[in-house]
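The structure appears right after this line, and notes come after that.
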Amino acid sequence: MKKVISLIRLYFQEHFRLPYFIAIVLFTAALVAIEYSINFERNYIDFEFNSTKRLTRYILMYSLSFGGAYLLYVFSPRDRHLLRNMKLWLLVFLSVLLFSVRTWFHYLTTWTMELSPDGYQTVFAKYVMNVQGFFFLFLPITIYWFFVDRKEQPLYGFKLRDVLLKPYFILLLLMLPLLVWAATQPDFLAVYPRVYKLDLPLQTSHKTSLSLLYELCYASDFVTTEFFFRGFLILAFMRIAGPQAILPMCVFYVTIHFGKPLGETISSFFGGWLLGILAYKTRSIYGGIIVHLGIALLMEIIAVIALSI
């Protein structure tokens, strides 16, 4: 833990910009307030039947959050010059486009449900939903890295040498009481455990194996998410923005939690910030994968236990 604390302390000593941080927090709070007061994403994007409009609105929403966070560099005099950097904005657009397409493209899920046997449509669709990030995020970003950053760094965050993993397991243990408390909240239990919402036939003899396969696909999505947010959005952007790439990533990260319990959405900012600092300082996402994946699976386990008591 001393190593982790020293890295965080170093970040605050060298890179923290209070006016910019305040602007980011207020901006994020405004986005969260709008979303949770009118269910913006659900009412104005998810329920839009026109496919082109839905994609456009995803692009606009993520552009507002991610691009808007970079525009707030106006509150950071030492970083304001980056607003004129065209490479930065092209990379912002690429990131927004990739994630928007990943969120919008529901056809794989639709085709899966159409081809699945009766009673298994939901579980098969959720398999596909959780692994499609590999095709829409991991593969194109890997291609980008191969042509742009391959000679500069390992594939964004997949660096294990000289990285201490023990502190991340300790962080996970420290978060356990908070997760146990969350399991007592109705909005938490309305969402978790996700494995209980697979709509499997009661008579199926493969319930355990299908459920475990779902958890595996569910876990893989967290690896892809960590790769995108703490890997690509920090380690690809750091060549331009340095450590100031961390907070815009946090704002973007908050928006992908819209629709989840409010406490989870708010905590995603601070959790993403902490993991972002560590990813920037260590150039590795393995610690983030441990924490992120550990929290997700613990939430499943704790929710199962809570509902069985």
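Condition first: closer than 22 Å to Val123 by Cα and of a type in the set (D, E, K, R). Can you find one or more residues in segment 203-218 that meet it?
Yes, segment 203-218 has at least one match.
Can you work out which of the residues in segment 109-131 that are assigned to a helix (DSSP H, G or I) and aromatic (Phe, Trp, Tyr) is nearest to Asp46 (Cα to Cα)?
Here the residue is Trp111.
Can you find even one residue in segment 199-206 that is more than 20 Å from Phe169 (Cβ to Cβ), among the hydrophobic types (A, V, I, L, M, F, W, C) and without any contact (Cβ under 8 Å) to a residue 24 or more places away in the chain?
yes
Considering Ser100, Ser116, Ser76, which residue is surrounded by 15 or more Cβ atoms within 10 Å (Cβ to Cβ), modelled with pLDDT under 95 and either touching a Cys at 6+ places or on another chain (Cβ under 7 Å) or closer than 30 Å to Leu198 by Cα (or both)? Break it down stepwise before answering.
Values: Ser100 fails: modelled with pLDDT under 95; Ser76 fails: either touching a Cys at 6+ places or on another chain (Cβ under 7 Å) or closer than 30 Å to Leu198 by Cα (or both).
That would be Ser116, the only listed residue that is surrounded by 15 or more Cβ atoms within 10 Å (Cβ to Cβ), modelled with pLDDT under 95 and either touching a Cys at 6+ places or on another chain (Cβ under 7 Å) or closer than 30 Å to Leu198 by Cα (or both).
List the residue pairs whose Cβ atoms are under 7 Å apart, where the first residue sits in segment 251-271 and is crowded, with 18+ Cβ neighbours inside 10 Å, the second is among the acidic types (Asp, Glu), and the two are 6 or more positions apart or on different chains.
Pairs that qualify, where the first residue is crowded, with 18+ Cβ neighbours inside 10 Å and the partner is among the acidic types (Asp, Glu), are His257/Glu264; Phe258/Glu35; Phe258/Glu41; Pro261/Asp187.
Go through (1) more than 20 Å from the chain's Cα centre (by Cα); (2) of a type outside the set (Val, Ile, Thr); (3) crowded, with 16+ Cβ neighbours inside 10 Å for His206 and report which single condition fails.
So His206 meets the others, but not (3).
Against the conditions (1) at pLDDT 85 or above; (2) polar (S, T, N, Q); (3) not in a helix (DSSP H, G or I), where does Thr184 fall short? Just the number, please.
That leaves (1) as the condition not met.
Kindly check whether there is at least one residue in segment 146-153 that is over 21 Å from Phe47 (Cα atoms), of a type in the set (Lys, Arg) and modelled with pLDDT under 85.
no
Specify the residue that is farthest from Met249 (Cα to Cα); the eligible residues are those in segment 46-74 that are touching a residue at least 12 places away in the same chain (Cβ under 8 Å) and aromatic (Phe, Trp, Tyr).
If we take residues in segment 46-74 being touching a residue at least 12 places away in the same chain (Cβ under 8 Å) and aromatic (Phe, Trp, Tyr), then Tyr58 is farthest from Met249 (Cα to Cα).
Given the options Phe158, Phe169, Phe134, name the one that is in a helix (DSSP H, G or I), in contact with a Ser or Thr (Cβ under 8 Å, 6 or more places away or on another chain) and touching a residue at least 40 places away in the same chain (Cβ under 8 Å).
Working: Phe158 fails: in a helix (DSSP H, G or I); Phe169 fails: in contact with a Ser or Thr (Cβ under 8 Å, 6 or more places away or on another chain).
Only one candidate qualifies: Phe134.
Which of the residues belonging to segment 7-63 are farther than 22 Å from Phe99 by Cβ, outside any helix (DSSP H, G or I) and of a type in the set (Asp, Glu)?
Within segment 7-63, none qualify.
Whether any residue in segment 157-173 is out of contact with any helix residue (DSSP H, G or I) (no Cβ under 9 Å at 6 or more places or on another chain) and of a type in the set (Phe, Trp, Tyr) is what I want to check.
No.
Restricting to segment 65-108, give me the number of residues that are assigned to a helix (DSSP H, G or I) and closer than 18 Å to Phe228 by Cα.
Residues in segment 65-108 being assigned to a helix (DSSP H, G or I) and closer than 18 Å to Phe228 by Cα: 22 in total.
Taking the conditions exactly as written (surrounded by fewer than 22 Cβ atoms within 10 Å (Cβ to Cβ), without any contact (Cβ under 8 Å) to a residue 24 or more places away in the chain and under 26 Å from Leu165 (Cα atoms)), does Ser220 satisfy them or not?
No: the conditions fail for Ser220.
Do we find a residue being in contact (Cβ under 8 Å) with a residue 12 or more places away in the chain and within 30 Å of Phe21 (Cα to Cα) anywhere in segment 102-121?
Yes, there is a match, as at least one residue in segment 102-121 is in contact (Cβ under 8 Å) with a residue 12 or more places away in the chain and within 30 Å of Phe21 (Cα to Cα).
The values are calculated or read from the model by the stated rules, or taken from the named source; none is laboratory data. Please read these numbers as outputs of a predicted model, since none were measured by experiment. Virtual Cβ from ideal backbone geometry, glycine too; neighbours counted across all protein chains shown.
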